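Structure record follows, encoded as structure tokens.
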Amino acid sequence: MNIVLKKCVLREWRWEDKDSLIKNADNIKVARMVKDRFPYPYDETAADNWLKIATHDFPQTNFAIVIKDQAVGGISFESQGDIFRRSAEIGYWLGEDYWNKGVMTEAVKAITAFAFQNFDLCRLYAGVFATNPASVRVLEKSGYIFEGRLRKSITKFGQTIDQLLFAKVL
Ligand SMILES: CC(C)(COP(=O)(O)OP(=O)(O)OC[C@H]1O[C@@H](n2cnc3c(N)ncnc32)[C@H](O)[C@@H]1OP(=O)(O)O)[C@@H](O)C(=O)NCCC(=O)NCCS
């Protein structure tokens, strides 16, 4: 599944993305804003572990963000199951070289539309670290609404901080 946008293409992950994945993901400025399951350092083993999963993604909910044929980031959504089955968490990251050019706003808008159109979802949400104003802006620009501050809900790299909950509902 390819979603062709103005600034990037969203497509399935491929094994040939490995080098560009490591190059863009192995960055403390990326790692510090995401869950621990996104490894740091992001080495060859990390890339192998991810691509083993992501290259068998069906139905497709994980997308590589591709610019000039290079996978420079990722975006995904994950249905929460059980009574939360119509809710999905959206997550995303982008290589630092590509920040502040509107790429993620374009990607979040597109994946939000894709998720609502193709899955039985009525809620997409993101929990942003309170220390991440850029991600807050991405969500605001993509039509997500601030729902609340989950105080001291995140512990990352030894610091316990608040999480800002944003959601878009149908
Ligand atoms: C957060 C992230 C996804 C943003 O991607 P991006 O492609 O640079 O986002 P965009 O260019 O679409 O929008 C960024 C917005 O944040 C703003 N911004 C950037 N740094 C900022 C800061 N320190 N304070 C306030 N606003 C900031 C930009 O000005 C822009 O807003 P504008 O269009 O109103 O000027 C990217 O920085 C990233 O991958 N960071 C590391 C991983 C991460 O944070 N993932 C999200 C976890 S919830």
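Close amide-amide hydrogen proximity is noted between residue 27 and 42, each under 5 Å apart and 5 or more residues distant or on a separate chain (H modeled in the peptide plane; Pro and chain starts excluded). Taking amide H positions as modeled 1.01 Å from N, with prolines and chain starts lacking one, the residues under 5 Å from residue 129 and 5 or more places away or on another chain are 164.
The ranking of 116, 58 from fewest to most other beta carbons within 10 Å of each one's beta carbon is 58, 116.
Backbone geometry of the stretch 140-153 corresponds, through the Karplus equation with coefficients 6.51, -1.76 and 1.60 at θ = phi - 60°, to 3J(HN,Hα) couplings of 4, 5, 9, x, 7, 10, 5, 10, x, 9, 8, 5, 6, 8 Hz, x marking Gly and Pro.
Where a ≥ b ≥ c are the square roots of the eigenvalues of the C-alpha gyration tensor, would you call the stretch 1-89 rounded, which needs a/c under 1.5, or, failing that, prolate if a/b is larger than b/c, or oblate? Because a/c hits 1.5 or more and a/b fails to exceed b/c, the stretch 1-89 counts as oblate. Simple point charges give the picture: +1 on the Cβ of Lys and Arg, -1 on the Cβ of Asp and Glu, and for the chain a dipole about the Cα centre of about 640 debye.
Placing unit charges on the Cβ atoms of the charged side chains and taking the dipole of the stretch 3-125 about its Cα centre, the candidate lying farthest along the positive direction among 105, 50, 90 is 105.
With K and R counted +1 and D and E -1, the other residues having a Cβ less than 13 Å from that of residue 5 yield a net charge of +4. Close amide H pairs (under 5 Å, H built 1.01 Å from N) link residue 99 with no residue at least 5 positions away or on another chain. Pairs of alpha-carbon atoms within less than 8 angstrom and 6+ residues apart define the contacts here; what relative contact order does the chain have, in percent? Once normalised by length, the contact order is 19 percent.
Taken together, the values in this text are just the output of simple stated rules run on the coordinates, not laboratory data. Keep in mind that this is a model prediction, so the values were computed, not measured. Every residue, glycine as well, gets a Cβ built from its backbone with ideal geometry; the counts of neighbours run over all protein chains shown.
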